[in-house]
Every structure is written in structure tokens, then in C-alpha cells.
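Below you'll find the structure, written out as C-alpha cells, and then a few comments.
Where a number appears in this text, it was derived from the coordinates with a stated rule and is not lab data. Nothing here was measured: the structure is a model prediction, and the numbers come from that model. Methodologically, a virtual Cβ is constructed for each residue, glycine included, from the backbone with ideal geometry; neighbour enumeration extends over all protein chains shown.
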Amino acid sequence: MTRLVVVLLVTALVIMFALLAAAAAGLLARLDGATYPAALMRAATTFAAALTLAAALTGALAQIVS
């Protein structure tokens, strides 16, 4: 049960940081003069990149640990 709680907490933390990075990217794009759809695309790209990076790091760490 403890392992499940840790996995859920880490997952929530990763998603929270990905959302924060996406919001910052969207805000910076909007402040740079991008239109709303363009800023939303940049935010979505940043969110996907952050989740992809987290998945790649998890895979690499899983191979090292086991």
C-alpha cells in the first residue's frame, strides 16, 4: 500500500510541474505577442515535452535501480 501511495504522489507532482511549465510557456508566448491559439499550442507542446521527459527519466532510473 505504501508503494502505491508514493507512486500516486510522484505522479501528481510530475503532472503539477508539467502544468506549471505549460502555463509559464503559454504566458511567455502571449507576452511575446503570440495569438491565443499559438500560445495554447506552445503550452500544449511544453506540457507534452515535460511528460515525455519524466517518462524517459523514469525508464532510465528503473533500469539503473533494478
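Contact map, segment 1-23: first residue without any contact (Cβ under 8 Å) to a residue 60 or more places away in the chain, second residue in a helix (DSSP H, G or I) and not small (Gly, Ala, Ser), Cβ cut-off under 6 Å, separation 6 or more or different chains; pairs are Ala18/Phe47; Ala18/Leu51; Ala21/Thr46; Ala22/Thr46; Ala22/Phe47.
Within segment 30-43, at least one residue is out of contact with any strand residue (DSSP E or B) (no Cβ under 6 Å at 6 or more places or on another chain), touching a residue at least 12 places away in the same chain (Cβ under 8 Å), part of a helix (DSSP H, G or I) and of a type in the set (Lys, Arg).
Would you pick out the residues in segment 28-65 that are among the β-branched types (Val, Ile, Thr) and within 10 Å of the chain's Cα centre (by Cα)?
If we filter segment 28-65 for residues that are among the β-branched types (Val, Ile, Thr), which is where we start, we get 35, 45-46, 52, 58, 64-65.
Thr45, Thr46, Thr52 - these are the residues of segment 28-65 that are among the β-branched types (Val, Ile, Thr) and within 10 Å of the chain's Cα centre (by Cα).
Please verify whether segment 3-19 includes one or more residues that are among the charged types (D, E, K, R) and in a loop (DSSP other than H, G, I, E, B). No, segment 3-19 has no match at all.
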